[in-house]
Amino acid sequence: MDCSLSNLIASNSSWNLDLFRLWVPEEIIDQIVSVPPPHPSSGLNRIIWRATSTNTFSLNSAYGKVCEGTLNPNEVFWRIPWKFKCPHRTCFFIWLVLKQMLLTNIERIRRGSGSSSACGICGHVLEDMMHTLKDCLAAKGVWDKIIPKQTLSSFYSGSLLDWMATNLQNQMTSSTGGIDWSCLFGIIAWRIWKNRNMFVFQGISWSVEEIIKISFSWAKQYSSISLISKFEARSTLPNWPMSNSWVCLNTGGSVKIDEGFAATGGCVRDHKGEWIIGFARYLGNCSVLEVEFLGILDGLNLTADRCFQKFLIQTDSIEAIEAIMEDDTRISNSTIIRRIHHMLKKLE
């Protein structure tokens, strides 16, 4: 059809419906009638986006239209990945699981990038997320070693979302050596997924004992670091507000000598006492004093990266402060103290 839009407008500036009837059915014409035809007084045409009140496009509104009717963001399990305490990569993995976005063989077939829906480890005909994380023989070998026998049947029951929600909201610690079960569960699920992909795509084999050992180690390290993020900085805050050109660096540490675990961390606050940024780091086997030194050093590095010019350092270790100040006038035998002195001079 060789026809311009102006040809479809009658002399009285209304639609030429007789011309439309030559090509389109009446139900389409009924929709066209409700749209006013172009007119010089209307000005230039504009593209509008009806998914927002301002008629302007945004990625957020586009995503909402695409997902319309497919999920309810107010459902409680969508808050689970960001509420339970676990390493960030594990939180992101859990979010992918709840969104059912893991690239299992079934999902790869659906996207047109796979050739078989069967499990690459046990040969089961359908490799979906439920099978990958819970029902596969490889996954069961891990869970069976950790879950008490009397609760195995209930552990394996329920849908994927119910199974995830139940375990990620379980704060049990009695049978996991003081580690939150939700944290350990999330890490184990992530390790199962990671290790099976290493085997399928890289041929790297692994054992049940390896997954359990690494998962417990990760969970224990995370728990140690989490203790640092809870240190009572407020009890040692200076008199707020300070001058608006100053920030306050609070550092602290935690050491479990009998277990060989240590961690350090802290935070930077502005002149009103408001949190700016925090940090935490697992240190392995360190002495109490070394942990305090490393916490101060990490805090100074963070302060330098953020280009803060005036800062107040606060720590609960008088021994660390005395050691740093005593060696200020000479070359210290401690490498860490020398690095602290270097950072302090750099920030002057």
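List of remarks:
- Annotation note: Cβ proximity below 8 Å between a residue of the stretch 248-275 that is without any contact (Cβ under 8 Å) to a residue 40 or more places away in the chain and a residue that is part of a strand (DSSP E or B) and of a type in the set (D, E, K, R) (sequence gap 6+ or interchain) occurs for ALA262/LYS256; THR264/ARG281; TRP275/ARG269.
- Residues that are closer than 16 Å to ILE192 by Cα and at pLDDT below 90 within the stretch 102-120 comprise just one, GLY120.
- Some residue of the stretch 244-267 being in contact with a helix residue (DSSP H, G or I) (Cβ under 6 Å, 6 or more places away or on another chain), of a type outside the set (D, E, K, R) and assigned to a helix (DSSP H, G or I): no
- Condition met for ALA280 (exposed (fewer than 15 other Cβ atoms within 10 Å of the Cβ) and closer than 29 Å to SER223 by Cα): no
- Residue that is surrounded by the most Cβ atoms within 10 Å (Cβ to Cβ) [pool: residues in the stretch 305-321 that are touching a residue at least 12 places away in the same chain (Cβ under 8 Å) and among the charged types (D, E, K, R)]: ASP316
- A single member of ILE324, ILE337 is in contact (Cβ under 8 Å) with a residue 40 or more places away in the chain and surrounded by 13 or more Cβ atoms within 10 Å (Cβ to Cβ), and it is ILE337.
- Some residue of the stretch 148-158 being in the same structural domain as ILE109 (by TED's automatic domain parsing), surrounded by 15 or more Cβ atoms within 10 Å (Cβ to Cβ) and at pLDDT 90 or above: yes
- When the residues of the stretch 293-308 are filtered to those that are part of a helix (DSSP H, G or I) and touching a strand residue (DSSP E or B) at 6+ places or on another chain (Cβ under 7 Å), the one that is farthest from THR264 (Cα to Cα) is THR303.
- Among the candidates LEU103, LEU152, LEU133, LEU126, residue that is free of Cβ contacts under 8 Å to residues at least 24 places away in the same chain and assigned to a helix (DSSP H, G or I): LEU152
The values are calculated or read from the model by the stated rules, or taken from the named source; none is laboratory data. Keep in mind that what you see is a predicted model, and the values were worked out from it rather than measured. Cβ sites come from the backbone with ideal geometry, for glycine too, and all protein chains shown count toward neighbours.
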